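The values are calculated or read from the model by the stated rules, or taken from the named source; none is laboratory data. Quantities reported herein were computed from a predicted structural model and do not represent experimental measurements. All Cβ positions, glycine included, derive from the backbone under ideal geometry; neighbour counts span all protein chains shown.
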Amino acid sequence: MEAKVEERINQLKTLINYHNHRYYVLDSPEISDAEYDELMKELKELEEKYPRFLTADSPTQRVGAEPLVAFGVVEHRYPLLSLGNAFSRDELLAWYSRVSKLSDGRQFSFVCEHKIDGLAVALTYANGRLVTGATRGDGFRGENITQNLRTIRSVPLSVKKEAPSRFEVRGEVFLPKTGFHKLNQERAAEGLPLFANPRNAAAGSVRQLDPRITARRPLDIYIYALGYAEGKTTPESHWETMEYLKSLGFKINPNNARFDSIDRVEEYYREWVEKKESLPYEADGVVVKVDSLPLQEQLGNVGHEPRWAIAYKFPATQATTRLKSIEISVGRTGTLNPYAVLEPVSVGGVTIRQAALHNEDDIRRKDIREGDRVLVQRAGEVIPEVVGPTPESKQSPERGKEFSLLDKLKRNEQGHPLCPVADCGGVVVRSEGEVMYYCTNAACPAQAQHRLELFVSRGAMDIRGIGESQSALLLREGLVRDVADLYYLKKEDLLKLERMAEKSASNIIEAIEKSKDRPLSRVILALGIRHVGGEMAQILAQEFKDLDDLKSASREKLMSIPAVGPKIAESIIAFFGQEENLCIIEGLRGAGVWPKSEATGKEAVPLAGMEFVITGRLEAFTRQEAEARVKELGGTVKDNVTRKTSYLVVGDEPGSKLARARALGIKELNEEEFRHLLERKA
């Protein structure tokens, strides 16, 4: 009986994967949605009845996983490089000339691909199954978003048996235009901020802590490269490699093309300049690659860019209209951001009513004034911006006056400019040498959600269960106004929130209570003082007894600390000079969140003088958490192994640092040994 059940489950998985491929990759479905749903229903019922036959690559496992607590870090075996840009035919030909010289005059072909406006990811498969999915990150390390990438229907959970035993493919996750517009319509209806462009929407979607949110968004992917392969010989040209990956079930852009001359590349580019609006996705250019993989290897890289590829960018789409006014918004970090309110104008098929103006210095440099007729462009088909006034406007004797951001702001009784956000009242400052003005009020409504997200994050107070959506909900429902209010929440308050279960509410209250024991450095970081990151918070926590001591520090005292410069000193003083911020400090004190200095003697820094390097993926820690724990105990964390390295912490899938450490005889710690060391020294 069980043998028949297992056989039927395998048949269903094969059948559903086939229809997923037909629908999501080939865009050629063979069955109706209702028939597909029946297959999924039967598979789910069998797996629930016989859970021993449930496998990680089952189609039923794409949706419904529990929310991730946080993302781990994945080290890329080979870096995910960025591309150099060409903005004209001359720049493309200059790139071609450099490649020709470096290839000793050999003839070579090109592959052209659309430069899609999405998020680059790396997918690793072992023994035919998807094991890891990661973002590009800094090119060397990315976030582990495997759970979320598994929800994308065009990402194969398993591949054919003839695939390499272990390999990595690279691709671009994107949100089609129709999905992007629908998502923004839904967010507008819910009163949520709109995504600025499809790339932001795609990035925000795959970086959700809850994979179920990702699963509800119509994300897609095109694979554009093979990162590496083990156990099998793969083709020696990029074009043939893409065909090979297509045969394994990966989705390859059908608009890719191969050419033998740079003139044909130029023709392909001009064709898509004319037709780009017809594409179902946003693209801002054509990626031109040398087809021969051995030649790619010979050409190598310069800095973080490959010599063998370049992004030939589409020209920006432009139009002229009247600049009605310049208004000010407040960003998540408190920066005051000017933006243009325009008479509606169609730019590249999209109606533009507002556009970016960057900062006051840029506005003055371009001589942009209210009432001007201005040139507006959508650079890369994404972000509208004002290029500058038309020549006729600049010559008009009736032009408005030169823009001044401070003239747009109200002032308090002392004459200080105030934040433009209603009910804020924070003083606006501009530090010496900076281009941006910013609001110094930590309780500013426009900054509140961002500050709340920072406060509860794992590197700061580490309050599990409160993420982006919960932060927005708490603020919207008036349960918190600032970060200190978290400590006065009751379980019954949380249970009033939509979709809040009793267990979840209990867990959040417990996590808030646990966070009261965080060290002073974590509290300082969590406050979100401008220019004060993790390392600076550590330094301040060792110099001052508590928050009162830091609050009363003079500029001279702060500047006497070697790592503190004028910008940081002024920022700290400005922060504690605001009444609203002092109320937050008192709220934390009243709740019992009042850690003392971490500089109580040598015993407080038991890892002083020790250097740690971390390689591979850790299970119990994020990379940020592991580094913070070492620093709290007085140690340092470096990126590279040297003879000064005290310990190499080795997680799953370690990189080249392991071989380097062994060559130098550096002591290795596995994750359990690392955890025990921290516990002994704490």
Selection count, the range 396-447, where residues are in contact with a Lys or Arg (Cβ under 8 Å, 6 or more places away or on another chain), in a strand (DSSP E or B) and buried (at least 19 other Cβ atoms within 10 Å of the Cβ): 2
Residues satisfying the stated conditions in the range 554-566, i.e. surrounded by 14 or more Cβ atoms within 10 Å (Cβ to Cβ) and touching a residue at least 24 places away in the same chain (Cβ under 8 Å): Val564
Every residue from the range 209-251 that is within 17 Å of Gly128 (Cα to Cα), of a type outside the set (Ser, Thr, Tyr) and not in a loop (DSSP other than H, G, I, E, B): Ile223, Leu226, Gly227, Ala229, Glu230, Leu245, Lys246
The lone exception for Ser88 - which of (1) among the small types (Gly, Ala, Ser); (2) free of Cβ contacts under 8 Å to residues at least 40 places away in the same chain; (3) within 27 Å of Pro280 (Cβ to Cβ) it fails: (3)
The one condition in (1) assigned by TED's automatic domain parsing to the domain that holds Leu489; (2) hydrophobic (A, V, I, L, M, F, W, C); (3) over 30 Å from Leu418 (Cα atoms) that Ala608 fails to fulfil: (1)
Every pair of residues 6+ apart whose Cβ atoms lie under 8 Å, when the first sits in the range 506-519 and is farther than 17 Å from Arg629 by Cα while the second is part of a helix (DSSP H, G or I) and of a type in the set (A, V, I, L, M): Ile508/Leu494; Ile509/Leu494; Ile512/Leu486
Condition check for Val523: in contact with a His (Cβ under 6 Å, 6 or more places away or on another chain) and not assigned by TED's automatic domain parsing to the domain that holds Val330: no
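One line per residue, one yes/no per condition, for (1) among the hydrophobic types (A, V, I, L, M, F, W, C); (2) surrounded by fewer than 16 Cβ atoms within 10 Å (Cβ to Cβ); (3) without any contact (Cβ under 8 Å) to a residue 40 or more places away in the chain:
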| site | (1), (2), (3) |
| --- | --- |
| Pro306 | no, no, no |
| Ala309 | yes, no, no |
| Lys313 | no, no, no |
| Gly334 | no, no, no |
| Ala340 | yes, no, no |
| Ile352 | yes, no, yes |
Boolean, Val265 is at pLDDT 95 or above, crowded, with 19+ Cβ neighbours inside 10 Å and in a helix (DSSP H, G or I): yes
Residues of the range 614-640 that turn out to be farther than 22 Å from Ser656 by Cβ and either free of Cβ contacts under 8 Å to residues at least 60 places away in the same chain or touching a strand residue (DSSP E or B) at 6+ places or on another chain (Cβ under 6 Å) (or both), as a count: 5
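Specify which of the listed residues (Arg499, Arg458, Arg522) is within 20 Å of the chain's Cα centre (by Cα) and basic (Lys, Arg). Break it down stepwise before answering.
Values: Arg499 fails: within 20 Å of the chain's Cα centre (by Cα); Arg522 fails: within 20 Å of the chain's Cα centre (by Cα).
Just a single option satisfies the conditions, and that option is Arg458.
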Selected residue (criterion: surrounded by the most Cβ atoms within 10 Å (Cβ to Cβ)) from residues of the range 161-215 that are over 26 Å from Leu123 (Cα atoms) and at pLDDT 75 or above: Asn184
Condition broken by Gln296, with the remaining ones in (1) buried (at least 19 other Cβ atoms within 10 Å of the Cβ); (2) polar (S, T, N, Q); (3) assigned to a strand (DSSP E or B) satisfied: (3)
Any pair with Cβ under 6 angstrom, 6 or more apart, that starts in the range 450-467 at a residue that is closer than 19 Å to Lys503 by Cβ and not assigned by TED's automatic domain parsing to the domain that holds Ala511 and ends at one that is assigned to a helix (DSSP H, G or I) and polar (S, T, N, Q): none
Which numbered condition Asn441 misses (of (1) farther than 20 Å from Asp361 by Cα; (2) out of contact with any Cys (no Cβ under 9 Å at 6 or more places or on another chain)): (2)
The listed residue being touching a Leu at 6+ places or on another chain (Cβ under 8 Å), under 23 Å from Ala443 (Cβ atoms), surrounded by fewer than 21 Cβ atoms within 10 Å (Cβ to Cβ) and of a type outside the set (Val, Ile, Thr), out of Gly459, Gly528: Gly459
Residues of the range 486-522 satisfying the condition of being surrounded by 13 or more Cβ atoms within 10 Å (Cβ to Cβ) and small (Gly, Ala, Ser): Ser504, Ala505, Ser506, Ala511, Ser515, Ser521
Of all residues in the range 369-390 being of a type in the set (A, V, I, L, M, F, W, C) and out of contact with any Gly (no Cβ under 9 Å at 6 or more places or on another chain), the one that is modelled with the lowest pLDDT: Val382
Residue selected from the range 92-106 under the condition free of Cβ contacts under 8 Å to residues at least 60 places away in the same chain and not hydrophobic (A, V, I, L, M, F, W, C), by the criterion surrounded by the most Cβ atoms within 10 Å (Cβ to Cβ): Ser100
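Select from the range 619-649 the residues that are among the β-branched types (Val, Ile, Thr) and buried (at least 21 other Cβ atoms within 10 Å of the Cβ) and write down the one among them that is nearest to Phe140 (Cα to Cα). Please lay out each step first, then the result.
Residues of the range 619-649 that are among the β-branched types (Val, Ile, Thr), as a first pass: 622, 630, 636-637, 641-642, 645, 649.
Now drop any that are not buried (at least 21 other Cβ atoms within 10 Å of the Cβ), which leaves 630, 641, 649.
Values: Val630: 22, Val641: 15, Val649: 17 Å.
Looking at residues that are among the β-branched types (Val, Ile, Thr) and buried (at least 21 other Cβ atoms within 10 Å of the Cβ), I get Val641.
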Selection within the range 586-625 - within 30 Å of Leu489 (Cβ to Cβ), at pLDDT 80 or above, out of contact with any Leu (no Cβ under 6 Å at 6 or more places or on another chain) and not basic (Lys, Arg): Glu586, Gly587, Leu588, Gly590, Ala591, Gly592, Val593, Trp594
Within the range 341-374, tally of residues that are within 29 Å of Ser571 (Cβ to Cβ) and in contact with a Leu (Cβ under 6 Å, 6 or more places away or on another chain): 2
